[in-house]
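What follows is a set of notes on a single structure, which appears directly below.
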Amino acid sequence: MASPRPGPWARLSVRLRTTLAAVLVVAVVLGLAAGALVLLVRDSLRDGVEASAEQRAAALVQQLETDGLPDRADEDDDTDGGDADEPEELVWQVRGEDGTVVAASQPGLPRLPTAGTKVTLPGADEPYLVVVEDAEISEVEYDVVVAASLEEVTDSTRALLAPLLVGVPLLLLLLAGTTWLVVGRALAPVERIRREVDQITGDRLDRRVPEPPTRDEVRRLATTMNRMLGRLEDSRARQQQFVADASHELRSPLAALRQTAEVAVAHPGALDDGELAEAVLEESIRMQRLVEQLLVLTRTEAGASGRRLGDVDLDDLLLTDARRLRRPELHVDTSGVGPARVHGDELALGQVVRNLLDNAARHARSRIALGLRAHDGGIELVVDDDGHGIAPADRERVFDRFVRLDEARARDDGGSGLGLAIVREIVAAHGGTVAVEEASLGGARFVVRLPAPARAS
């Protein structure tokens, strides 16, 4: 199934997407904040104008109730000498019960309404806020109407909008530039990693990506990629080692088969059918055993994936294999085998026991002694033989691949040189150690130490 095509947003770079997203989010937040600020300031100024109008109306009511109506309609507040065509910022009228204007702050004003909150006066650029108060003079009701100009509110609001309209875009530009630079610097190591990975091929797995000095996700990514490259390099090395070992070790049985076949072809009567079949069968079995052990060794080195882990009774494996080895000319002593349980792969641990006992049987003269016991918080497995032993100089080398201290005899008795290498790899995979010592029987002693299974709390 084909993957969907990416949209326009997905085709943008991470740097550009991050910058645009940051600018968009901040622009929305700043826009809402600026709008709320303008509304709050405007409402606050309007409340101030309304409070001034109410104070003026209250003062007029007190004056009227104390001193009565003025003799002239404009004598109170017509002292500015202002133009009658331009109303003052604060104007008022006093009207009787029939609506007649009996006093006013400025002559020529149109009749101010007593209903509603705003009115537009002739000659004024901005509307006026209207406040009405009741007054009583000699038991006659009057309406005191005060109108205050909202021009100051409008001017202040516009004065606030100007810096916001300039400052917000500048702030967004600064944010975009900062985000672009910061994200670019943060992604620079990723680009260096990408260039390095692009140059890594199957023949250059020894290369590693640069790890930035920071302690962020990019460094963890680089560290993880380097560990992955290390695993790939180890896997490739194991594959190459497997091919080299297989080609090296298979040459001998293949050469023997070819030599036998060439003799049979060149001299038809030199080999009878039974001898030819026996030679082919023997070399085929040797090749099969060699390939199987190479595969076991390769799987063991590859790690613990695919293993079936659980508690394993190591004494059962040891006693079962000991019965397999018993024959008249070889005595297998199992008196030192005690109960012991380890945590691991039963098949792999069975391979360890089988290889150690087969190795001891090949080199023993007549006796093998087995031991199994708890030791220093773990399990100790001992396999002794009464053979020729192993020189101290060879006790570490004997665990290497295809090492045969007695080359001719090892090939004759079926040794491939891989058994002890397999033992070391499996024991190491289970967190244990294997070593060679001098046996009390006079031959070699192989000692395997494995950790005991953890007890459930």
Exercise for the section: Taking 7 Å along the Cα-to-C-beta vector as the label spot, tell me the Thr114-Val140 distance in nanometres, rounded to one decimal. Expected result: 1.4
Fill in the blank from the handout: Residue by residue through segment 139-151, the couplings from Karplus 6.51 cos²θ - 1.76 cosθ + 1.60 with θ = phi - 60°, in Hz, x for Gly and Pro, are 6, 10, 7, 10, 10, 9, 10, 10, 10, 10, 6, 9, 5
Fill in the blank from the handout: At R0 = 30 Å the Cβ-Cβ FRET efficiency linking Thr334 and Leu281, nearest 0.05, sits at 0.35
Handout entry: Phi to ³J(HN,Hα) by Karplus 6.51 cos²θ - 1.76 cosθ + 1.60 over segment 183-196, Hz, x for Gly, Pro
Key = 5, x, 5, 5, 8, 4, x, 5, 5, 5, 4, 4, 5, 5
Exercise for the section: Go ahead and estimate [θ] at 222 nm for the chain from helices alone: -39,500 (n - 2.57) per DSSP H run with n ≥ 4, summed, over the residue count, rounded to 500. Expected result: -18000 deg cm²/dmol
Fill in the blank from the handout: On the accessible surface of the chain, probed at 1.4 Å with all protein chains in place, carbon and sulfur together account for a percent value of 54
Exercise for the section: Give me the Kirkwood hydrodynamic radius of segment 319-371, using the inverse of the mean 1/r over all pairs of distinct Cα atoms, in Å to one decimal. Expected result: 11.8
Fill in the blank from the handout: In this structure, the FRET efficiency calculated for Arg42 and Leu181 from their beta-carbon separation, with R0 = 51 Å, to the nearest 0.05, is 0.85
Problem - Rg over Rh [alpha-carbon atoms, Kirkwood Rh] for segment 127-189 - result: 1.60
Completion exercise
Counting sequence-distant residues (5 or more places) and residues on other chains, those with an amide H built under 5 Å from that of Ile379 are Leu450, Ala452
Problem - Per-q log10 I(q)/I(0), the chain, q = 0.07, 0.11 Å⁻¹ (Debye; single scatterer per alpha-carbon; no solvent) - result: -0.66, -1.00
Problem - Spin-label model distance (nm) - Ala58 vs Ser156, 7 Å beyond Cα toward Cβ - result: 1.9
Completion exercise
Computed ³J(HN,Hα) along segment 18-33: with the Karplus parameters 6.51/-1.76/1.60, θ = phi - 60°, integer Hz and x for glycine or proline, the list is 5, 5, 4, 5, 5, 5, 5, 5, 5, 4, 4, 5, 5, x, 5, 5
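The values are calculated or read from the model by the stated rules, or taken from the named source; none is laboratory data. Computed from a prediction, not measured in an experiment: that's the story for all the values here. Virtual Cβ from ideal backbone geometry, glycine too; neighbours counted across all protein chains shown. Keep in mind that these areas ignore ligands, DNA and RNA; they rest on the heavy atoms of the full protein, side chains included. Shrake-Rupley method; radii C 1.70, N 1.55, O 1.52, S 1.80 Å.
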